Amino acid sequence: MLSSEESDNFFNYYNFRTCEGRIEIAVCCKFNGCLKEKCSALHFSQESFVYLQCNSFFLLMIERTEYMSLLEKWRDKKIIKVVTGIRRCGKSSLLRMFREKLLVEGVSEQQVQELNFEDLDNEPFLNYKALYSHVKKNLCPGKMNYLFFDEIQMVDGFQKAIDSLFLLDNVDLYVTGSNAYLLSGEIATLLTGRYVEIKLFPFSFNEYLQSMPSDANIEAAYREYIEKSSFPYVLQIKGDREMVREYLTGLYNTIVLKDVVSRRKITDVMMLESVVRFLADNIGNISVIKRISDTMTSLGRKIASHTVENYISALTNSYIFYSVPRYDVKGKQLLKTGQKYYLVDVGLRSIINGTKGGDLGHVLENVVYLELARRGGEIYVGKIGDAEIDFVVVQGERKAYYQVSLSVRDEDTMKRELEPLQAIPDNYPKYLLTLDNDPQIFHDGIKQQYVLDWLRREN
């Protein structure tokens, strides 16, 4: 039996790395049940990891259960599966894991075609006609063919190729993209009723915990999660703070310069970065476009409201920020002004504005928002009278209300957080999530819960 420290070191070495041959490594495959005793000895869940075989090598990856379930749900259905999300959040890895699952379950290699359009080897297929011709020529007749297209937005006229391939009875299509252009304008029109979007985020806190021994300190794990990053690759380098910073800086620059500046043809990059810093500094605060414009102007950076609006649209379309509109709970209608913005990864905040600690309440609120977004439903900021409810989640006919607070052990804070929930005139579930590690308790039907337990709950 290895100690926790030995287990942690072992995993940090092997996680997401290739291991020559089928050596005795501390993970198992959910689909073929290998090496259970080793996995158990190292305190890791036997169903948390999968092998990805590539020739004579094995790549270790955390299995993203919820997303794999969604892909399985839509498998073989006559609908295009579109996986979207920010760069390096794990889209390629997810499709690779699903491909391996297909092969383990008996699908032949000939039935699978995968093309990553960031790979120069696939440059000849960056034209939709060439892509269509290549794929159709290599289809396996009489069997279902599984097509995986990574970063499809790089293909000129890709929607035409997808549209034609979709017409074939023996084709099951899976595509990824890193910005909302993939689902905008003409493309959304062409694919209406023929696609389902699967929104991928960086690791949840629950997924992040899978990289640690089962006896790891939960509070320490959370601090590491918000300080370092939730991007998958960071797990490989998290022991080196400078490497983490360099990686996140490079990723941020790529998103801003390639996905935002280049696509939107923005000329004033410094102004764009000023808007980014403002949003990162104000996560969890109500933001009005005109107020942002006025604030920037007062700081000596004059900018029109419509320019701010265009910049924010570009940032949300690249999935670096998420916009949450306001909702009048009593009036049951959306409000036209004011919304909140949240970062896709709180670790990026220190890269953007150099924040060192502090503002932990808004950071926690950001983490809770991302978890709610992963679990699905429409998310709003609730308004009831002059009070605010952090999140209203609507799923079909169901609703749920959430207040998030760093601590409510102070009596005045507890009263302030409960009052908006108590004023809601319906009987839908109401939650108060806090970092106070106290026993679960109810306040007139409002469930107070330790937020780290809530974050670990699986859907």
Using alpha carbon positions and the Kirkwood radius, the Rg to Rh ratio of the range 65-199 is 0.92
The answer for the net charge of residues other than Lys265 whose Cβ lies under 14 angstrom from its Cβ, with Lys and Arg +1 and Asp and Glu -1, is +1
Residues Lys330, Lys81 in order from fewest to most other beta-carbon atoms within 10 Å are Lys330, Lys81
Between the modelled labels at Thr249 and Asp294 (7 Å from Cα along Cα→Cβ) the distance in nm is 3.7
Sorted on mean Cβ neighbours within 10 Å (highest first), peptides 93-100, 444-451 come out as 93-100, 444-451
Mean Cβ-within-10 Å packing, highest first, puts peptides 303-315, 130-142 in the order 303-315, 130-142
Most exposed first, judged by fewest Cβ atoms within 10 angstrom, Arg87, Arg301 run Arg301, Arg87
Restricting to Cα pairs under 8 Å and 6 or more apart, the percent relative contact order of the range 65-199 works out to 38
Quotient of Cα radius of gyration and Kirkwood radius for the range 218-273, i.e. Rg/Rh, equals 1.13
Rounded to one decimal in nm, the spacing of the 7 Å Cα→Cβ label points at Asn437 and Ile79 is 4.2
Checking the range 392-459 for GluC sites (Glu not before Pro) in a loop per DSSP with at most 10 other beta-carbon atoms within 10 Å yields Glu397, Glu458
Kirkwood radius from Cα pairs of the range 296-353 plugged into Stokes-Einstein at 4 °C, 1.567 mPa s, gives D in µm²/s equal to 96
For Lys101, counting only lysines whose alpha-carbon sits under 21 Å away and dropping same-chain residues fewer than eight positions off, the answer is Lys30, Lys36, Lys73, Lys77, Lys78, Lys81, Lys91, Lys143, Lys199
Label model pair Lys265, Ala220: point-to-point distance (7 angstrom along the Cα→beta-carbon line) in nm is 5.4
For the Leu257, Lys336 Cβ pair and Förster radius 25 Å, calculated FRET efficiency rounded to 0.05 is 0.15
For Leu364, the net charge from surrounding residues (Cβ-Cβ under 11 Å; K, R +1; D, E -1) works out to -4
Scoring the range 213-324 by relative contact order with C-alpha pairs under 8 Å, at least six apart, yields a percentage of 19
Using eta = 0.890 mPa s and T = 25 °C, Stokes-Einstein with Kirkwood Rh from Cα pairs puts D for the range 358-459, in µm² s⁻¹, at 177
Check: C-alpha center the range 224-278 vs C-alpha center the range 128-164, spacing in Å is 32
The extension gain from Glu72 to Asp426, computed as 0.36 nm times the residue separation minus the Cα-Cα distance, is 123.8 nm
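We did not get these values from a lab; they are worked out from the coordinates using the rules stated. No experiment lies behind these values; they were computed from the predicted model shown. Cβ: placed from backbone, ideal geometry, glycine included. Neighbour counts: every protein chain shown.
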